[in-house]
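Quick note: the coordinates plus some simple rules give every number you see, no bench work behind them. Because the structure is a prediction, the values reported are computed rather than measured. Here the Cβ positions follow ideal geometry from the backbone for every residue, glycine too, while neighbour counts run over all protein chains shown.
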Amino acid sequence: MDVPETLTQAIAFFSDPQRAFEAAVEFRWPGGNVTCPRCEQAKFSFIKTRRVWFCYVCKKQFSAKVGTVMEDSPLGLDKWMSAIWMLANCKNGISSYELGKNLGIRQQSAWFMLHRIREAMKDDRTHKFGFGGPVEGDEVYIGPNPQKMHKSRKAKVQARDGLKGGYVGKTAVQGILDRDYRQVRARVLPNLKRETLQNMILDNVTPFAKVYTDESILYEGLEKKFVHKVVNHTHEYVNGKVHTQGIDNFWSLLKRTLRGTYVAVEPFHLDHYIDEQVFRFNNRATKDNKLTDADRFALLMLMVAGKRLTYAQLTGKDSNEPHHPEAGTGQEVPF
Ligand SMILES: [Zn+2]
């Protein structure tokens, strides 16, 4: 069977457990150079019937899933790899209900699986933006319409977050876009202090780069470190090259995914959904970079190895993990 190019082909290809296993091994250990994920040695025997290795050094077994986001999951690699293909390539994401139906698994298992894959999608690169082209910076507020909130809940949420008017109950997300490289970085803002917003730009953008933002006072002072130009959204949407349409485009994709596919996202998990959208945005096909679905899948498979997310971290039940008070039910509340 040929390497898959479409979703239908991918599902057919990975439906064979042996083929799924061989593909996973090839992504994890190119050329078949298997090493133990615990001690990194290659002294083992392979138990063919169970597709696991026994390490003679650790005196323990390991599978192709150990040390990845798939570790401890009872679901087979056939299901995992189909799910990874779908999340890497479905433009508006895929809901746990849809995935569960497609793979014949419970919605809750699909939900956990999707969150683990999103963890692998997180882009850890730290290279600076702004060499050559300008960087656009902006923030967006995501969440329910405060006019539809119950009065008492609205008052409670307002007191908790300190946001007013149309922002009550919303979560602020900050993003920057390198216009030349067409790459985005985005995250949930822990607060709306000027220092917090500006630190993200200071940490991620090279000094003296061109930085374009709106005229919010939150960005005041950036002109001391950057060539800072502002767009006045009320009077001029585009001021020559000074605009933030690139990051605006990303925000509309993010909002479409959240509203259309996920409908309900707990604020605690929003960072994961942002990572997912950033992955697809930064790895989309462009004129100069003709990435295919198979390329995006391969890239994500390489990112899967080495990242692990436990159930406790995911649900905020790990006492060391700071978490949102509304996190961890696994139930989806209207967003
Ligand atoms: Zn070992």
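Quick look at the numbers
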| read-out | value |
| --- | --- |
| Helix 77-89 axis, angle to the chain major axis (alpha carbon atoms, nearest 10°) | 30 |
| Degrees between helix 245-257 axis and first principal axis of the chain (Cα, 0 to 90, nearest 10) | 60 |
| Stretch gain in nm, segment Thr49-Arg106, where the contour uses 0.36 nm per residue and the Cα spacing is subtracted | 17.9 nm |
| Residues of type aspartates and glutamates that Lys148 reaches as a straight line, Cα spacing below 20 Å, ignoring anything fewer than 8 places off in the same chain | Asp161, Glu266, Glu326, Glu332 |
| Relative packing of 181-190, 125-134, which averages over residues the other C-beta atoms within 10 Å, highest first | 181-190, 125-134 |
| Translational diffusion of the stretch 142-268, µm² s⁻¹ [Kirkwood Rh, Cα pairs; Stokes-Einstein; 20 °C; 1.002 mPa s] | 131 |
| Proximal lysines to Lys154, defined as alpha-carbon separation beneath 29 angstrom and excluding residues fewer than eight positions away on the same chain | Lys164, Lys170, Lys193, Lys255, Lys317 |
| Residues Met301, Met1, Met113, sorted so that the one with the fewest Cβ neighbours within 10 Å comes first | Met1, Met301, Met113 |
| Partners for Lys59 among lysines (Cα-Cα distance below 29 Å; same-chain residues under 8 apart left out) | Lys43, Lys48, Lys79, Lys307 |
| Cα centroid separation - the stretch 116-187 against the stretch 66-84, whole Å | 30 |
| Nearest-ten-degree value, helix 270-282 long axis tilted from longest Cα axis of the chain | 80 |
| Net charge dipole size for the chain [Lys, Arg +1 and Asp, Glu -1 on Cβ; Debye, nearest 20] | 620 |
| Beta bridge orientation in the chain: antiparallel %, DSSP, nearest 5 | 75 |
| For Trp29, Trp80, order by how many other beta-carbon atoms lie within 10 Å, fewest first | Trp29, Trp80 |
| Virtual spin-label span in nm between Ala155 and Ser73, 7 Å along Cα→Cβ | 4.5 |
| Mean residue ellipticity (222 nm) of the chain, computed from DSSP H runs ≥ 4 via -39,500 (n - 2.57), nearest 500 | -11000 deg cm²/dmol |
